[in-house]
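Written out below as C-alpha cells is the structure these notes cover.
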Amino acid sequence: MRDDHRNSLAEIEEKILSVRRIERDEALLLYEEGSFLFLCSLADEVRKRKHPDRVVTYIIDRNINYSNICISGCSFCAFYRKASDPDSYLLAFEEIKRKIGETLSLNGVQILMQGGLHPYLQIGFYEELLRNIKAEFDIHVHAFSPPEIIHIASISALPISETIRRLREAGLDSIPGGGAEILSDRTRKILSPNKCSVAEWLEVMEEAHRQGMKTTATMMFGHIETTEERINHLLLVRELQDKTGGFTAFIPWTFQPGNTRLGGKEAMPHEYLKMLAISRIVLDNIRNIQVSWVTQGDKVAQLALRCGANDFGSTMIEENVVRAAGVSFQLSEEEIVRNIQEAGFIPMRRNMFYERLGQAESMIY
C-alpha cells in the first residue's frame, strides 16, 4: 500500500471514530485498500456505538411466496416460472391461511409475502388478499417489493401513490426492500431488463415513507457489478434515508448462482463480510444491519455480528427463492438464540419496527 493511501486511511479512520460521515471517494478507498480486519474492526466500533447494550435482535416470521409466475425473467433468478410452465403456481387463499396459522402457532409476528410480476393480476386481487388476511389474523404483513408495486400500478393503470395508498388501506403494513439488486441502471438492463429502474425503486420507497410506511433496503451483490456501483448503491439508500428516515434496516446478501441463467461463482464469505462492514460504516443514518444466514450459514453470520451487524434476521419458517438456487441453510429459533449467545451477545425477539418483544426465556442457556 502506498504511503499516501496509508495516510488517507488513517484520516478516514479518525473521521469514522469521531462520528463524521465519509463520502464516496473515502468509502471506495476504505473498501479497496483497507484490510479485511481493519474494515471489520471499524464497522464493529460503529455497531458498538449504535448498539452498546450487546443485544442482537431477530424476528419470527414466514416468507410466503404467493406465486412463482413472473414475466421479468431475471437472469439471476432460479425461482420464477412462466404461466405455461407445469410447475408454476398461484396459491389459493386457503393455503395462505394454513401457512399463516402455522406461523402464529410458532409465535410468529409477521409474514413476508412476495411473488413475481404476474402477467394479469390487477390491484383488486391484492386488495382482496390483504383484506382476507387481516379479517382472520392479527399479523404484520410485510409484502410486495418495489418491482411488484410498480408492476401492480402499471397493469392496473394507476399511479404509484394511489397503488400504495390502496394496498395500505387493504392491510399492507410495510414494504420489503427486495428487487434492489444493485441500484445501477447499467447492471439492471443486463440482469433484469423487464424490472423497474433505479429511479422507480427509489420512488416507491420514498412514496411509501411519505405515506407513513416503514420499509427495508437490500443489496444483492457478487455478480456483474463494479465496486463503484456497490458504493453508489449505499449512497443512494443513504440519501433517501436522509430525506425520509423510513428505512428500518439494510440487508446485503450475495448472489446465489445455482440453477440460474447467469451462473458464475458465489462471492466468498470474506467478501460478504467486507461488504457488510462497509455498509455499516457508510449507512450512518440506518440503525440496523441484518445478517444473511440464509445465504451464508450460521457460522459466517456469527462473524458478521463482529463486522457491523446487529440483527440476525428471521427464523425463515419457509424460504423458497434462495432454496431454488440450491442453498438450503435452515435455523430454528433455538438455533438462532444459541448462535447469538455463542457470539457473545444477548438475543432478543423483535418486530418489523425493531421494537423489542423480549427474550425466549425457555431457550436461555
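The values are calculated or read from the model by the stated rules, or taken from the named source; none is laboratory data. Note that this is a predicted model, so its numbers are computed, not measured. With ideal geometry, Cβ positions are generated from the backbone for all residues, glycine too; neighbour counts draw on all protein chains shown. With ligands, DNA and RNA removed, areas are computed over all heavy atoms of the protein, side chains included. Shrake-Rupley method; radii C 1.70, N 1.55, O 1.52, S 1.80 Å.
Test L112 against the criterion of being assigned to a strand (DSSP E or B), out of contact with any helix residue (DSSP H, G or I) (no Cβ under 7 Å at 6 or more places or on another chain) and open to solvent by 10 Å² or more (accessible area, probe 1.4 Å), and give yes or no. Spelling it out, L112 is indeed assigned to a strand (DSSP E or B), out of contact with any helix residue (DSSP H, G or I) (no Cβ under 7 Å at 6 or more places or on another chain) and open to solvent by 10 Å² or more (accessible area, probe 1.4 Å). Filtering I64, I69 for residues that are in contact with a helix residue (DSSP H, G or I) (Cβ under 7 Å, 6 or more places away or on another chain) and at pLDDT below 95 leaves a single hit, I64. Of all residues in the range 200-217, those satisfying the criterion of being open to solvent by 20 Å² or more (accessible area, probe 1.4 Å) and either under 21 Å from M275 (Cβ atoms) or outside any helix (DSSP H, G or I) (or both) are L202, Q211, G212, K214. Look at (1) buried (at least 23 other Cβ atoms within 10 Å of the Cβ); (2) modelled with pLDDT under 90; (3) not aliphatic (A, V, I, L, M) and you find that N320 fails only one, number (1). Going by the structure shown, is Y120 aromatic (F, W, Y), in contact with a helix residue (DSSP H, G or I) (Cβ under 8 Å, 6 or more places away or on another chain) and either farther than 15 Å from S67 by Cα or part of a loop (DSSP other than H, G, I, E, B) (or both)? When the stated conditions are applied, Y120 passes them. Is it the case, given these coordinates, that K243 is open to solvent by 40 Å² or more (accessible area, probe 1.4 Å), more than 21 Å from P147 (Cβ to Cβ), in contact with a Gly (Cβ under 9 Å, 6 or more places away or on another chain) and free of Cβ contacts under 8 Å to residues at least 60 places away in the same chain? When the stated conditions are applied, K243 does not pass them. Screening E128, E181, E207, E200 for residues that are within 20 Å of L91 (Cα to Cα) and acidic (D, E) leaves exactly one candidate, E128. Kindly provide the set of residues from the range 123-141 that are touching a strand residue (DSSP E or B) at 6+ places or on another chain (Cβ under 9 Å), open to solvent by 10 Å² or more (accessible area, probe 1.4 Å) and either in a strand (DSSP E or B) or acidic (D, E) (or both), ordered by number. Selection gives H140 alone. Between S88, S154, the distinction of being at negative phi, in contact with a Lys or Arg (Cβ under 7 Å, 6 or more places away or on another chain) and either of a type in the set (G, A, S) or surrounded by fewer than 13 Cβ atoms within 10 Å (Cβ to Cβ) (or both) belongs to S88 only.
Checked against (1) out of contact with any strand residue (DSSP E or B) (no Cβ under 7 Å at 6 or more places or on another chain); (2) in a strand (DSSP E or B), T248 meets all criteria but (1). One residue alone among R166, R188 is closer than 19 Å to Q114 by Cβ, free of Cβ contacts under 8 Å to residues at least 12 places away in the same chain and either surrounded by 19 or more Cβ atoms within 10 Å (Cβ to Cβ) or not small (G, A, S) (or both), and that residue is R188. Of the residues making up the range 13-45, those that are of a type outside the set (G, A, S), open to solvent by less than 10 Å² (accessible area, probe 1.4 Å), out of contact with any Cys (no Cβ under 9 Å at 6 or more places or on another chain) and under 22 Å from P269 (Cα atoms) are L30, L42.
Among all residues of the range 298-310, there is at least one that is at pLDDT below 95 and buried (at least 22 other Cβ atoms within 10 Å of the Cβ).
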